[in-house]
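Working notes, beginning with the structure itself.
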Amino acid sequence: MPVTREQIADMRTQLAADRELCANSETAQAFLNLAESKLDEVETGWARLNPAEALDHVLSEIESNQIGKDSATVDEIPELADDIRTWETAPQTVPLENRDLPLFKIAEKSIALLKKNCIALADKSDLQDRMISVFERTKNLRAELDDVDRLIQENSDLNLGATVKVFQHFRDSLTPTLDSVLNKSLGDILAARP
């Protein structure tokens, strides 16, 4: 009786549970290694017998776990978008009677997946650029506060009235927060996040 994709997934889940259960036994781990290699062979055989289903499964795995996890430079994103536009035209050349075939559906899904990933990468790149800009402006704000404070001290003979009081309140309110953020290492920041 041929094996199904679901049975292979169940066997992989069971293998992981068995590895955890037998974590302290080298002998058991050796047998589980052998079982994993046999399971790999079964999965490869299943993929050879069911190429369309195997491709569809791979695309589903990518879609559920990988969208936007890569990084792309500002230059790479437009190049990728141009490639996707080119690939989008290819399915239009497939005759209508062949558009119900599994491989056509997989080709459509692949293009949609590439498009979704390209959009996610563009959003990620934009967000990273904007965050870096905020960090830079935060550092510049701290330096600007120090410069203005120095100028106020140097020009104490000028009658700046309420402006100085507002600035001092602003500086006294922001400085502890800015110092706290700017004096932390990346490791400290990452360790503090859940």
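Things to note:
- Springs between Cα atoms under 10 Å define the GNM used for the chain, and in it the highest mean-square fluctuation of 161, 45, 68 occurs at 161.
- Counted charge near residue 70, where neighbours are those whose Cβ lies closer than 11 Å (Asp, Glu -1; Lys, Arg +1): +1
- Note on region 101-194: the C-alpha convex hull projects to 10.0 nm² when averaged across all orientations.
- Using only side-chain charges placed at the Cβ, +1 for Lys and Arg and -1 for Asp and Glu, the dipole size of the chain relative to its Cα centre rounds to 380 debye.
- Dipole of the chain [Lys/Arg +1, Asp/Glu -1 at C-beta], most positive-end residue of 68, 175, 7: 175
- Think of a 1.4 Å ball rolled over the protein heavy atoms: region 23-161 then has 72 Å² of accessible area per residue.
- Expressed as a whole percent, the accessible surface of the chain that belongs to carbon and sulfur atoms is 58, based on a 1.4 Å probe.
- Cα-based Lys proximity count in region 1-133, under 21 Å, for pairs eight or more positions apart or on separate chains: 8
- A convex hull fitted around the alpha carbon atoms of region 1-58 yields 78 Å³ per residue.
- Estimated 222 nm signal from helices in the chain, with DSSP H stretches of n ≥ 4 weighted -39500 (n - 2.57), rounded to 500: -27000 deg cm²/dmol
- Between 92, 39, 155, the Cα set farthest toward the positive side of the dipole of the chain (charges on each charged residue's Cβ, about the Cα centre) is that of 155.
- Radius of gyration, Dmax [the chain; alpha carbons; angstrom]: 29.1, 95
The values are calculated or read from the model by the stated rules, or taken from the named source; none is laboratory data. Note that the coordinates shown come from a computational prediction; the quantities given were computed from them, not determined experimentally. Virtual Cβ from ideal backbone geometry, glycine too; neighbours counted across all protein chains shown. In case anyone asks, the SASA skips ligands and DNA or RNA and just uses the protein heavy atoms, side chains included. Shrake-Rupley method; radii C 1.70, N 1.55, O 1.52, S 1.80 Å.
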